[in-house]
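As structure tokens, the structure follows; a few thoughts come after it.
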Amino acid sequence: MSVRTPDPFNSPDEPESGIPAQGPTWLTDIELEQIRHRLPILYVEAVPVHVDGFGRVVDVGLLLRGTALGEITRTIVSGRVMYGETLRDALFRHLEKDLGPMAFPQLPPSPVPFTVAEYFPLPGLSQFTDDRQHAVSLAYVVPVSGTIEARQDALEITWMTPAEAASDDVCAELEGGRGALLRAALASVGALP
């Protein structure tokens, strides 16, 4: 899995060296690669959903992405938490990054996730894998009510019923074992068929 999160502090006025100006909370690609081999990295993940008037999940949004190897996979909203950033701010930033500024996510009032997923670079240590790093992810179900437009490295967002999203075929398409995470998300809100 190779997902590149663009530098939010990258200025259009890059120095002639080609190395972008770095903000106080962002790492260069080299620094990030070195740290990924030494420390677990904290992530937030969000399963975007549409809910009805009673708060029941009626649709689940899954992102379609192309990998560096040219494969097409499904995934959920995911990204790193920056130093000094609150979980709510990180969730909002990544939801806006992947779903667009008009998605209108309804962030949970509590920062408590429905689960904590631990990703390892080697298969077999956990049901979740990420060949780049050891990562710990706090996972949330987040209702969205606005207009969604896939952005960044997402090709599109596909809305499915909970039954369709939890199917074996769709869960097998999710990268890094996220099919299990999606089913856990649906179970946490009483929407797992």
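The values are calculated or read from the model by the stated rules, or taken from the named source; none is laboratory data. As the structure is a computational prediction, the values presented were derived from the model and not from experiment. All Cβ positions, glycine included, derive from the backbone under ideal geometry; neighbour counts span all protein chains shown. Protein only, heavy atoms only, side chains kept; ligands, DNA and RNA dropped before computing areas. Shrake-Rupley method; radii C 1.70, N 1.55, O 1.52, S 1.80 Å.
Among DSSP beta bridges lying fully in the chain, give the percent that are antiparallel, nearest 5. Spell out each step's value before the answer.
Details: 23 of 35 bridges.
Antiparallel bridges: around 65 percent, rounded to the nearest 5.
Sorting Met82, Met102 by accessible area (1.4 Å probe), largest first, what list results?
Working: Met82 30, Met102 100 Å².
Heavy-atom accessible area, descending, gives Met102, Met82.
Out of these labelled values of Cα extents along the principal axes in Å, (1) 54, 39, 33; (2) 60, 43, 29; (3) 45, 43, 34, which was calculated from the coordinates shown here?
Checked against the structure: label (1).
At 1.4 Å probe size, with every protein chain present, just tell me what the per residue accessible area of the chain comes to in Å².
Working: 10050 Å² over 193 residues.
Per residue, the chain has 52 Å² of solvent-accessible surface.
For a Förster distance of 25 Å, can you work out the FRET efficiency between the beta-carbons of Thr158 and Asp131, rounded to the nearest 0.05?
Values: r = 25 Å, r/R0 = 0.98.
With R0 = 25 Å, the Cβ-Cβ based efficiency is 0.55.
With an 8 Å cut-off on Cα pairs and a minimum separation of 6 or more residues, tell me the relative contact order of the chain in percent. Display every interim value, and only then the final one.
On the way: 363 pairs, mean separation 49.1, N = 193.
In percent, rounded to a whole number, it is 25.
For the range 69-177, with the dipole built from +1 on Lys and Arg beta-carbon atoms and -1 on Asp and Glu ones, taken about the Cα centre, which of Val144, Gly176, Thr75 lies farthest toward the positive end?
Val144
For the chain, which whole-number percentage of the solvent-accessible area (1.4 Å probe, protein heavy atoms only) is attributable to carbon and sulfur atoms? Show your work: numbers first, answer last.
Numbers: 5710 of 10050 Å².
About 57 percent, which is the carbon plus sulfur part of the accessible surface.
Expected output is a single nm value to one decimal: the length gained when fully extending between Ser188 and Ile30, i.e. 0.36 nm times separation in residues minus the C-alpha distance. What is it? Don't jump to the answer; show the numbers that get you there.
Details: separation 158, 0.36 × 158 = 56.88 nm, distance 3.78 nm.
Working it through step by step, the gained length comes to 53.1 nm.
Kindly write out, for the range 49-60 in residue order, the coupling ³J(HN,Hα) from the Karplus curve 6.51 cos²θ - 1.76 cosθ + 1.60 (θ = phi - 60°), rounded to whole Hz, with x marking Gly and Pro.
Once θ is set to phi - 60°, the couplings for the range 49-60 become 9, 9, 10, 8, x, 9, x, 7, 6, 10, 9, 10 Hz.
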